[in-house]
Amino acid sequence: MKTKILSIIAVITMSFATNAQIDRSKMPTPGPDPVVKLGSAEKFSLNNGLTVIMVENHKLPRVSATLRIDNKPYLEGNISGVSGMMGSLLGRGTTNISKDDFNEKVDFLGASVSYYSTGASARSLKKYFPEVLGLMADGVKNSTFSQEEFDKEKEVTLENLKSTEKNVPAIAGRVQNILVYGKNHPYGEFTSKETINAITLEDVKNNYNTYYKPNNAYLIIVGDINPKETKKLVKDLFEGWQKGEIPTSTYPAPKNLPTSAISFVNMPNAKQSEISVINTTDLTLGDKDYYAALLANKILGGGGSARLFNNLREDKAYTYGSYSGISQSREDNTATFRATASVRNMVTDSAIVEIKKEINKIRYQKVTEKELQDAKEEYIGGFVMDVQKPATAASYALNIALYDLPEDFYANYIKNINSVTVGDVQNAAIKYFRGDKARIMVTGRGIDVLKNLEKTDYVISYFDKEGNPTEKPEMTMPIPEGMTAETVVNKYLDAIGGKDKVMAVKTTMIVSNATIQGTPLVMTMKAAAPNKSSQEIAVMGNVMQKTVFNGATGYSSARGQKKDMTAEQITKAKSGNALFSDLAYSAGKLLRIEPLDGKNAYVLGFNDKEVFYDATTGLKVKEITTTKTPDGKEVKTPTVYSDYKEVNGVKFPHAIGIKSGPMNLDFVVKEIKINEGVSDADFN
């Protein structure tokens, strides 16, 4: 036993000694960069022009084949969507096998075979791959395009289009492409009910016979293969695929705006705004600053630790997430940079300000070394994980062929990422993140967001759901049938306690406090049924202003000068209700429904006032009084009501904000007395 205890003590002692030699206050020294080993690719071409790339990978007994038809973008015109329909109909029966038998055989083999307008793909276990590749090749070469399948596909396509008619993100994406590229550009074309209905089965066949050709195609095969056997298999299956002359389209290169502006699409059903700050670029895979552009985007908006996310979500809570992305393209100026967010309607303008601020910041201030290092590590980590996948190896092999990249492009990927400096990142941001020429796309509910957007410095242009210029949307909503000024006022009376309790109030005294430029004010208002009123404003105990109406005559006094009411003022005072002015508003007119601070409000017009009632609660939230100056100019004075509290069974606003010229007076009610504290002497 003693020997065992000594042994345990010795082990513990050695453990402490070992740990004592490790300085845990210092970061471990980074190890060497991982060595990337892509499977070597073997290439050959068939007589019909099909380029075949084979990559051996024997980790699993699986093989995949990807066909990529590398046509330049082309215009489809008034049958836009025809290529998509053609791709959907591929493989639905061939001259050699029916659609049902084809699908049954693929399922039996535990494989997958897919077709699309720009190619096809197949995946299976190694032992079934020759048969599965044969099925894929049969669909590529011998699809029948039956009328029955065409009619089914057209119906499905039209139904899918119908489902997106009110889909705000889908509409936003469509109009973005239209405005960024133009309708006369392949990337700006869009599929509509009209273009789908115009497509015939003959159009689909013509599209297949014209563009689905091997002489501009790549077949990439990756997995547990024997290259010699696979080469023979491919020749046997694809040599009979006939090549042809593939036409090309000409179209203008997209251009950015001369200066940033807002393009707005009104979607009345939008619960939030879709924002995209977007510009085109000429970035291409393999460019000298390609890696710097990737890292700049990673720091700006490439994930949950990026600047946009931290600002708009973590700090401001405007959105669940804000991101950016930069694409690359071989076509002239068709790559894009986009910074996006889906935000609450009421913060749309503020979100745009913050997105633009972050874009400008990364353009005009260098990122930190830590930000750059973190971005590099994240990119390298993702790259090392992806490169283990056979599909990634196939994708990289294809990119090397498509972009004429050096064979060691991806082998040097990590080295090139690590060589980027903070100066390189800033230069790439200046070049590709064109905040000064970006189109600010906003798709949302105009009635909620436009009022604040119009306060920004940007010119706003309006577009419909198909990218056509249109007029500014109406800023009001339709009034429900049967809704009148009287029903709005009755709802208000119910909200504050009920008409019976309101009518039982014969006098009120309300004392409120405010400050102006640091000086305290006290406002005392007294009222008696039906229309007697007095209002007194005192500063440091001295009455500075007073207005009185005794039911027949009245006056106002200020700074020692007294002025009697005019006949017009007396008539107006007699017609009102001094206790609850809203009782008189029943005779007014319900003008409109409009958003106010994120909520809908009924707006009543009565004499020189517009009165706003919350459409949900019924409470009065705002009044705007219009007066004319001696020179005939109109002056609007808004009063805002909030913080309703019950006093003797009736709710009164306890916070009243008045904007008078450049001054804002925010009164807080300190005391309310009902049916006490008021006498006729108060109105003399």
query = So, in segment 102-147, of the ones that are aromatic (Phe, Trp, Tyr) and surrounded by 15 or more Cβ atoms within 10 Å (Cβ to Cβ), which residue ends up nearest to residue 202 (Cα to Cα)?
reply = 145
request  = Spot the failing condition for residue 183; the list is (1) part of a helix (DSSP H, G or I); (2) surrounded by fewer than 16 Cβ atoms within 10 Å (Cβ to Cβ), and only one is missed.
outcome  = (1)
request  = Given the conditions (1) out of contact with any helix residue (DSSP H, G or I) (no Cβ under 8 Å at 6 or more places or on another chain); (2) within 24 Å of residue 282 (Cα to Cα); (3) in a helix (DSSP H, G or I); (4) not aromatic (Phe, Trp, Tyr), report the number of the one that residue 362 does not fulfil.
outcome  = (1)
task = Looking only at segment 419-450, count how many residues are modelled with pLDDT under 95, touching a helix residue (DSSP H, G or I) at 6+ places or on another chain (Cβ under 7 Å) and either charged (D, E, K, R) or not assigned by TED's automatic domain parsing to the domain that holds residue 274 (or both).
result = 2
ask   = Quick check: anything in segment 342-350 closer than 23 Å to residue 453 by Cβ and free of Cβ contacts under 8 Å to residues at least 12 places away in the same chain?
value = no
query = From the list 558, 504, which residue is assigned by TED's automatic domain parsing to the domain that holds residue 675, modelled with pLDDT under 95 and on the phi < 0 side of the Ramachandran plot?
reply = 558
remark   = Filter segment 72-115 for residues that are farther than 16 Å from residue 192 by Cα and among the β-branched types (Val, Ile, Thr); the one that is nearest to the chain's Cα centre (by Cα) is 113
note = Flagged in segment 146-171 as assigned to a helix (DSSP H, G or I) and of a type in the set (Asp, Glu), in numbering order, are 148, 149, 151, 153, 155, 159
message = Among (1) more than 30 Å from residue 353 (Cα to Cα); (2) surrounded by 14 or more Cβ atoms within 10 Å (Cβ to Cβ); (3) at pLDDT 95 or above; (4) not polar (S, T, N, Q), there is one condition residue 521 misses while meeting the rest; what is its number?
response = (3)
message = Return the residues of segment 120-145 that are more than 17 Å from residue 96 (Cβ to Cβ), in contact (Cβ under 8 Å) with a residue 24 or more places away in the chain and either in a helix (DSSP H, G or I) or not assigned by TED's automatic domain parsing to the domain that holds residue 230 (or both); say none if nothing qualifies.
response = 126, 127, 129
note = In segment 379-406, residues that are more than 30 Å from residue 216 (Cβ to Cβ) and surrounded by 16 or more Cβ atoms within 10 Å (Cβ to Cβ) total 2
query = Which of (1) farther than 25 Å from residue 265 by Cβ; (2) modelled with pLDDT of 95 or more is the odd one out, the single condition residue 398 does not satisfy?
reply = (2)
inquiry  = Take the conditions modelled with pLDDT under 95, under 15 Å from the mean Cα position of the chain (by Cα) and either surrounded by fewer than 24 Cβ atoms within 10 Å (Cβ to Cβ) or among the aromatic types (Phe, Trp, Tyr) (or both) and apply them to residue 344. Does it pass?
reply    = yes
ask   = Which one of these does residue 253 not meet: (1) surrounded by fewer than 22 Cβ atoms within 10 Å (Cβ to Cβ); (2) closer than 29 Å to residue 403 by Cβ; (3) out of contact with any strand residue (DSSP E or B) (no Cβ under 9 Å at 6 or more places or on another chain)?
value = (3)
note = Within segment 303-355, the residues that are under 18 Å from residue 285 (Cα atoms) and part of a loop (DSSP other than H, G, I, E, B) are 327, 328, 329, 330, 331, 332, 333, 334
query = Which one of 433, 409 is within 21 Å of the chain's Cα centre (by Cα), among the hydrophobic types (A, V, I, L, M, F, W, C) and surrounded by 14 or more Cβ atoms within 10 Å (Cβ to Cβ)?
reply = 433
request  = May I ask you to say which residue of 546, 574 is in contact (Cβ under 8 Å) with a residue 24 or more places away in the chain, assigned by TED's automatic domain parsing to the domain that holds residue 601 and within 21 Å of residue 679 (Cα to Cα)?
outcome  = 574
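Yes or no, residue by residue, for (1) at positive phi; (2) acidic (Asp, Glu):
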residue: 146; (1), (2): no, no
residue: 176; (1), (2): no, no
residue: 190; (1), (2): no, no
residue: 198; (1), (2): no, no
residue: 203; (1), (2): no, yes
residue: 220; (1), (2): no, no
residue: 223; (1), (2): yes, no
task = Kindly provide the set of residues from segment 536-576 that are assigned to a strand (DSSP E or B) and touching a helix residue (DSSP H, G or I) at 6+ places or on another chain (Cβ under 8 Å), ordered by number.
result = 548, 549, 554
note = If we take segment 577-684, then strands (runs of 3 or more DSSP E) inside it with 1 or more residues that are surrounded by fewer than 15 Cβ atoms within 10 Å (Cβ to Cβ) and on the phi > 0 side of the Ramachandran plot are 634-647
query = Among the numbered criteria (1) assigned by TED's automatic domain parsing to the domain that holds residue 67; (2) surrounded by fewer than 16 Cβ atoms within 10 Å (Cβ to Cβ); (3) touching a residue at least 40 places away in the same chain (Cβ under 8 Å); (4) of a type in the set (S, T, N, Q), which single criterion is violated by residue 230?
reply = (2)
request  = Take segment 353-390 and flag every residue that is in contact with a Leu (Cβ under 8 Å, 6 or more places away or on another chain) and of a type in the set (Val, Ile, Thr).
outcome  = 355, 359, 362, 387
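Quick grid of which residues meet (1) buried (at least 17 other Cβ atoms within 10 Å of the Cβ); (2) within 20 Å of residue 435 (Cα to Cα):
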{"site": "245", "(1), (2)": "no, no"}
{"site": "272", "(1), (2)": "yes, no"}
{"site": "293", "(1), (2)": "yes, yes"}
{"site": "298", "(1), (2)": "yes, yes"}
{"site": "310", "(1), (2)": "no, yes"}
request  = Considering (1) in a helix (DSSP H, G or I); (2) touching a strand residue (DSSP E or B) at 6+ places or on another chain (Cβ under 7 Å), say which one residue 489 fails and leave the rest.
outcome  = (2)
The lone exception for residue 414 - which of (1) in contact with a Leu (Cβ under 6 Å, 6 or more places away or on another chain); (2) surrounded by 19 or more Cβ atoms within 10 Å (Cβ to Cβ) it fails = (1)
message = For segment 312-339, give me the residue count where each residue is in contact (Cβ under 8 Å) with a residue 24 or more places away in the chain, more than 17 Å from residue 374 (Cβ to Cβ) and not hydrophobic (A, V, I, L, M, F, W, C).
response = 15
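The values are calculated or read from the model by the stated rules, or taken from the named source; none is laboratory data. Not measured: the values here are computed from a predicted model. Backbone-built Cβ (ideal geometry, glycine too); neighbour counts: all protein chains shown.
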